Amino acid sequence: MKLSASQRAYIKKRATFHEPGPDEAAGELNIVPFLDIVVNLIMFLLILITTIGFYSQVEASLPSYSRGGVGRRAPEEESLNLNVTVVENGVIVAGTGGKLAPGCESLATGRVVTVPRNGNRYDWAALRECARKLKERFEDETKVTVSADPMVEYQHLLSAMDAVRETNDGDVLFDEVLLSAGVR
């Protein structure tokens, strides 16, 4: 059987290998533009977070834990281990000996609030005075651990940190402020 010229041209056209172009390549999805957008968003968010973190920094350090064995080191003098806890009805100040009673002159037991709220406001001046009295008795102590009830506003925690850090005159009280988990 003889083929006509148009049939031979048709077979020749269909039999030759055609190299597909980049836009015809096996139906793969081009994700490069998507990745460009994602990388730009990540860079933008990282820069935004570091900028916000730079302006809203609170100077505080977390408590450190260390491993120690029994009898490895001579016991040091007993430290104050001062804890300030901000709760709904005031501020509790406690140390190694126990909780301080209102006025910061003696110890008390039970559910005691050292610096009660004055109406609906915290009395930061009274807390600062209490910290000053403690600093007079424990001159070498520099650490204080501050914590708060989870229902207390964050601003009150920062105000408590400022109150125990220094006096209104600029005298340093307890300059190493440690943050602790909230209590309930």
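The values are calculated or read from the model by the stated rules, or taken from the named source; none is laboratory data. Only a predicted model underlies this, so the values are computations on that prediction, with no experimental measurement involved. Here the Cβ positions follow ideal geometry from the backbone for every residue, glycine too, while neighbour counts run over all protein chains shown.
Quick look at the values:
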{"read-out": "Filtered residues of segment 130-184 (kept if assigned to a strand (DSSP E or B), in contact (Cβ under 8 Å) with a residue 12 or more places away in the chain and of a type outside the set (D, E))", "value": "K143, V144, T145, V146, S147, A148, V177, L178, L179"}
{"read-out": "Qualifying residue in segment 134-143 (condition: modelled with pLDDT under 85 and buried (at least 19 other Cβ atoms within 10 Å of the Cβ))", "value": "no"}
